[in-house]
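The values are calculated or read from the model by the stated rules, or taken from the named source; none is laboratory data. In this text the structure is predicted, and so the values were computed from the model without any measurement. When we count neighbours, we look across all protein chains shown, and the Cβ atoms used for this are built from the backbone with ideal geometry, even at glycine. Heads up: the accessible areas ignore ligands, DNA and RNA and are worked out on the full protein's heavy atoms, side chains in. Shrake-Rupley method; radii C 1.70, N 1.55, O 1.52, S 1.80 Å.
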Amino acid sequence: MTIKLLVMLLKGFLQVPRPRIKNKLSVLPKFKIICEGEKTEPNYINGYINRVHSAHKKIFCFSEPGCTDPNGLIRAAIKERESGVAGDVVWVIYDRESLVKYSDEVHASARTLADDNNIQIAFSNVCFEMWILLHFEYSLACYTSYDDLKKRSRLREHVKSLGFDSYEKSEALLFDKLKDNVSDAIKNATKLRQNMIASADKNRSRPFHLNPYTDVDEMLQDMENFIENRPSIRAKKQV
């Protein structure tokens, strides 16, 4: 550097450009859960999130109004993924329901769409209440619909033991009463899947073929994996 240039710098005639500071803020990945139901599933899952993961602000559960069929829910989930960031985990939770309402072909196409777009499915056959029932007891009983399960299972009896007059009236506060039984439900659901898959015909062993069935517990475990930066429970699993 010449003496003349040094003098000019000292007098402020020249300004050395400051290095640009890169924006260190970045959008963090989210764990998103899209529900088929507008009350029961969101009430339970949000209760779980608030109880178990209240300090983590990147887990969201919400209903998608107007989307009740499996393929519609998966398409809504794909939009959520496309509007998000790399690292987002997106789950959809819905039921098998009766064969009259949704055929095996409908469920199969929804799962293909989900697999192709990295969407995870938390599934219950015949309905979400199978998962609720497993908080109280292990059961391999088969039901044809929600009404059938409510009529023939011990769900109403168990709910009454919690101090509620009926299952419907308990929905909003149900998780608060079930929180101490979640570990039992997870054990029962795992055992149920193992037994159903082991006894299934090899050509009819997908979740929508198995009654009863639920894998809601895997979604709860995946929340923990997400928080701890571990791979998704479904990373190498497609069903």
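One table, with the values for the structure above:
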item: Taking only Cα atoms of region 134-204, radius of gyration then Dmax in Å; result: 14.0, 44
item: Acute angle (nearest 10 degrees) that the helix 104-116 long axis makes with the longest principal axis of the chain, alpha-carbon atoms; result: 20 degrees
item: Long-range amide H partners of PHE31 with built H, under 5 Å; result: ILE59, PHE60, VAL89
item: Low-density loop cleavage sites - GluC sites (Glu not before Pro) in region 182-239, where at most 11 other Cβ are within 10 Å (DSSP); result: GLU228
item: Beta bridges per DSSP with both ends in the chain, % antiparallel, nearest 5; result: 10 percent
item: Rg followed by Dmax, in Å, when region 21-136 is reduced to its Cα trace; result: 15.6, 61
item: Acute angle (nearest 10 degrees) that the helix 70-82 long axis makes with the longest principal axis of the chain, alpha-carbon atoms; result: 10 degrees
item: ³J(HN,Hα), Karplus 6.51/-1.76/1.60, whole Hz, each residue of region 92-102, x for Gly, Pro; result: 10, 10, 7, 9, 5, 6, 6, 4, 5, 6, 9
item: Accessible area of region 44-91 belonging to carbon and sulfur atoms, whole % at 1.4 Å probe; result: 50 percent
item: Exposed-loop-free span, longest in the chain, where trypsin sites (Lys or Arg not before Pro) count as exposed if DSSP calls them loop and at most 12 other C-beta atoms lie within 10 Å; result: 102-201
item: Per residue accessible area of region 93-159, 1.4 Å probe, in Å²; result: 41 Å²
item: Rounded tilt (10° steps) of 182-199 against the dominant C-alpha axis of the chain; result: 70 degrees
item: Estimated vicinal HN-Hα couplings, Hz - region 152-157 in sequence order (Karplus 6.51, -1.76, 1.60; Gly, Pro = x); result: 9, 8, 9, 4, 4, 4
item: Loop-located GluC sites (Glu not before Pro) in region 38-102 whose Cβ has at most 14 other Cβ within 10 Å (DSSP); result: GLU38
item: Hypothetical label at ASP180: residues of region 147-165 whose amide nitrogen lies under 18 Å (7 Å Cα-Cβ projection); result: 158-164
item: Accessible carbon and sulfur surface of region 153-212 relative to its total accessible area, %, 1.4 Å; result: 45 percent
item: FRET efficiency, ASP165 to ARG51 (Cβ-Cβ, R0 22 Å, nearest 0.05); result: 0.40
item: Ellipsoid semi-axes in whole angstrom, largest first, where each is sqrt(5λ) of the Cα gyration tensor of region 183-239; result: 23, 14, 8
item: Correct choice for Rg/Rh (Cα atoms, Kirkwood Rh) that was computed from the model, options [x] 1.23; [y] 0.97; [z] 1.03; result: [x]
item: Selection from ASN203, ASN225, PHE175, by position along the positive dipole direction of the chain (Cβ); result: ASN225
item: Scaled radius of gyration (Cα, divided by 2.2 N^0.38 Å) that region 70-126 gives; result: 1.14
item: Cα centre as origin, Lys/Arg/Asp/Glu Cβ charges: the chain dipole, Debye; result: 1520 debye
